[in-house]
1. With springs only between Cα atoms under 10 Å apart, run a GNM on the chain and tell me which of 187, 210, 129 wobbles the most.
2. Taking the DSSP beta bridges in segment 4-168 as the whole, what percent of them are antiparallel, to the nearest 5?
3. Where both partners of a DSSP beta bridge lie in the chain, what percent of those bridges are antiparallel, to the nearest 5?
4. Build a GNM of the chain with springs between Cα atoms under 10 Å: which of 70, 87, 240 gets the top mean-square fluctuation?
5. Comparing 258, 84, 36, which has the greatest mean-square fluctuation in the GNM of the chain with Cα pairs linked when under 10 Å apart?
6. Name the shape class, rounded, prolate or oblate, that the alpha-carbon gyration tensor gives for segment 12-64, where a ≥ b ≥ c are the square roots of its eigenvalues, rounded holds for a/c under 1.5, and otherwise prolate holds if a/b is larger than b/c and oblate otherwise.
7. Go ahead and estimate [θ] at 222 nm for the chain from helices alone: -39,500 (n - 2.57) per DSSP H run with n ≥ 4, summed, over the residue count, rounded to 500.
8. Mind listing P(r) for segment 4-168? All alpha-carbon pairs, 5 Å bins, whole percents.
Ligand SMILES: Cc1cc2nc3c(=O)[nH]c(=O)nc-3n(C[C@H](O)[C@H](O)[C@H](O)COP(=O)(O)OP(=O)(O)OC[C@H]3O[C@@H](n4cnc5c(N)ncnc54)[C@H](O)[C@@H]3O)c2cc1C
């Protein structure tokens, strides 16, 4: 029999986290599936659980000229309803699961679950997002690409809770998102790409391309991005072969129940080419 904690505040949650070996959860849409049991019986958690999904102090979204700060217990539905969030950043979120999943699922759960197929992750990598983790002794601010250390693993310590996600509030001239799943809804990504770029007078001044489900973590190839920055958009088509070769070397998908590595590689390269040639190059 496991114990279930429901703290009244973040400080109480952090104290429980420090003094007990507990698994933190928010919406439960990953953990309830992972530890599901027979129908009608409780989930079989491997250890005591600390539910924080109700904590009001983590349920707000703050937007200023520089950053969008999302509390750990903000649901996808709350994020989608917020009119201050750019619609381009809502695209990956509105394709997650179903209405029911978006009503309970959170960015913090998606990040801490650390699946390379997590649908918020390509966007967070492309936008250089950071997470804030807290313990009773203080806070750490960590870039998303350093926080996630491998499939299903993060650098979160046993006494820490992820409290906020920070997305720089930067405007881009081009934003692209494409998710390939088995169906239009309730489908985990086979491949996904989130990309942004800034083009000023036909010259690329900034570009970031993040590829999901094609390696142990989301892939961003900063060498390729550096090669594109400074280029005239009319030259990108002539660079495409060497750029796609760079991505092809880095993309290392697996065969699994959802897709094959051959399919994933091909589709990922097609999506990158679509963004570079069709979206930027015209
Ligand atoms: C039917 C269905 C469809 C789905 N479709 C998609 C989809 O299309 N795309 C997609 O990406 N995902 C999908 N998912 C997976 C899931 O809904 C998402 O990953 C969601 O974002 C998880 O959020 P959560 O709050 O429910 O996480 P939880 O289940 O609460 O937690 C997930 C993990 O994160 C840890 N954790 C959660 N919050 C914190 C915190 N604040 N601090 C420290 N650790 C924490 C937990 O210990 C656990 O390991 C689907 C799931 C289901 C059941």
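Computed from the coordinates by the stated procedures, all read-outs in this text should not be read as laboratory data. Treat the numbers as computed from the prediction; the structure is a model and nothing was measured.
1. Of 187, 210, 129, the most mobile in the Gaussian network model is 187.
2. Numbers: 22 of 28 bridges.
Bridges in segment 4-168 are about 80 percent antiparallel.
3. Details: 41 of 47 bridges.
Counting DSSP beta bridges with both partners in the chain, the antiparallel share is about 85 percent.
4. The residue that fluctuates most here is 87.
5. Looking only at 258, 84, 36, the biggest GNM fluctuation is shown by 36.
6. Numbers: a/c = 3.17, a/b = 1.50, b/c = 2.12.
The shape class here is oblate.
7. Values: 11 runs with 86 residues, N = 282.
Taking each H run of at least 4 residues, the total per residue is -8000 deg cm²/dmol.
8. 1, 9, 18, 23, 22, 15, 8, 3, 1, 0
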